[in-house]
Amino acid sequence: MPVQKKRPAKVGQPKSVVTGGAGFLGSHLADLLLKRGHKVIAIDNFVTGTVDNIAHLGGNPNFKFIQQDVTEFIFLDVPVDYVWHFASPASPIDYLELPIQTMKVGSLGTHKALGLAKQKGARFLLASTSEIYGDPLVHPQTEDYWGNVNTIGPRSCYDEAKRFAEAMTMAYHRAHGVDIRIVRIFNTYGPRMRLNDGRVVPAFIGQALKNKPITVFGEGKQTRSFCYCADLIEGIYRLMMSSTNLPVNIGNPIEMTVLEFAREILRITGARSKIVFKPLPQDDPKQRRPDITRAKKLLRWEPKIHLAEGLAKTIDYFRDKV
Ligand code: UDP
């Protein structure tokens, strides 16, 4: 296997580039990197990210922001040690509305971000997703499961873009020796999600805070496992600093049905909302729970924040927004 010419300089202040740096997870990652002493360049085109997520970093001499679409050539005339590729719409209604941008950022954007890592001799981390497992036939999902994706369904723009992104990342690793990491992110929640992004956490919290009906899709029997953003970002940081090139699931293995989740939101908010049932979107995965054995073993990581605690912080954040 070819060896990448340069490796991250292990001396001096580490320098990180975060694509999607104004997004929900990208901005939390930028905060953590700054706390751990990195210089951070965040890149975002604000398709789904927002300046509000990074406004608190204005004036920080270690933080720089570039407004750019990462599907275009990324030119930076400074050294880079780590590239964290987080740019992408990530909620089902966003990628249904933006299918072509979603496919472009997963393919062309990943290509450009890998090209940057190769040119700088930087280590590269791809933010992949549990969606690469599709509607999984193996439960819980282990990293060696290849998935069950409908290539022509409404979610395929996201699922296949991320599958392509993983393949492209491995091709740069094999052909150019780029030092890569792949994290498969499971459902994550926390402050800085958009209230209207359509995902179940902001949707139910927004509805509960307005005492409006809670819209459970299908019969609410489908399952998800929710990870608080701070836990997730810590796991991803450990992955980047580890020595493994294997994909690693990061998420919370505590699984519940969507109906149970709706009841939990009602309990915590004390809302008087009714639960109403709406049609289940096409190809909505019936079950999802990460097997995190690999993360535990290789990264000594597991989530620490209980759902009630994480939801309380998230609800506080949304109180000002509704
Ligand atoms: N969901 C729901 N009501 C909503 C939004 C979502 O019942 O108002 C369900 C959705 O059908 C899915 C689960 O909640 O089964 C999680 O959806 P989300 O959009 O958060 O992300 P996904 O895990 O499907 O990518």
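The values are calculated or read from the model by the stated rules, or taken from the named source; none is laboratory data. Just so you know, these numbers come straight off a predicted model, no measurement behind them. Cβ placement follows ideal geometry from the backbone for every residue including glycine, while neighbour counts extend to all protein chains displayed.
Before moving on, here are some points about what is shown:
- In the stretch 217-238, the residues that are more than 16 Å from Arg294 (Cβ to Cβ) reach residues that are surrounded by fewer than 20 Cβ atoms within 10 Å (Cβ to Cβ) and aromatic (Phe, Trp, Tyr) with C-beta atoms within less than 8 angstrom, at least six apart or across chains, in these pairs: Phe217/Phe277; Gly218/Phe277; Glu219/Phe277; Gly220/Phe277.
- Selected residue (only one of Ser27, Ser107 is out of contact with any strand residue (DSSP E or B) (no Cβ under 7 Å at 6 or more places or on another chain), buried (at least 22 other Cβ atoms within 10 Å of the Cβ), small (Gly, Ala, Ser) and modelled with pLDDT of 95 or more): Ser27
- Residue satisfying condition, being among the aliphatic types (A, V, I, L, M), out of contact with any Leu (no Cβ under 6 Å at 6 or more places or on another chain) and assigned to a strand (DSSP E or B), within set Ile100, Ile41: Ile41
- Candidates Leu137, Leu114, Leu76: the one that is outside any loop (DSSP other than H, G, I, E, B) and either touching a residue at least 24 places away in the same chain (Cβ under 8 Å) or of a type in the set (A, V, I, L, M) (or both) is Leu114.
- Test for Ala113: is it within 16 Å of the ligand (Cβ to nearest atom), in contact with a strand residue (DSSP E or B) (Cβ under 9 Å, 6 or more places away or on another chain) and within 18 Å of Arg184 (Cβ to Cβ): no
- Qualifying residue in the stretch 58-80 (condition: over 23 Å from Lys112 (Cα atoms) and of a type in the set (A, V, I, L, M, F, W, C)): no
- Flag for Met168 being in contact with a Phe, Trp or Tyr (Cβ under 8 Å, 6 or more places away or on another chain) and over 30 Å from Ala271 (Cβ atoms): no
- In the stretch 200-216, the residues that are among the acidic types (Asp, Glu) and near the ligand (Cβ under 9 Å from one of its atoms) form no Cβ pair under 7 Å with any partner that is in a helix (DSSP H, G or I) and at pLDDT below 95, whether six or more places apart or across chains.
- For the stretch 251-277, the set of residues classified as in a loop (DSSP other than H, G, I, E, B), within 14 Å of the ligand (Cβ to nearest atom) and closer than 26 Å to Gly23 by Cβ consists of Gly251, Asn252, listed by residue number.
- Members of the stretch 170-222 that are in a loop (DSSP other than H, G, I, E, B) and of a type in the set (Lys, Arg): Arg192, Arg194, Arg199, Lys210, Lys212, Lys221
- Meets criteria (closer than 28 Å to Asp320 by Cα, modelled with pLDDT of 95 or more and not in a helix (DSSP H, G or I)) for Val248: no
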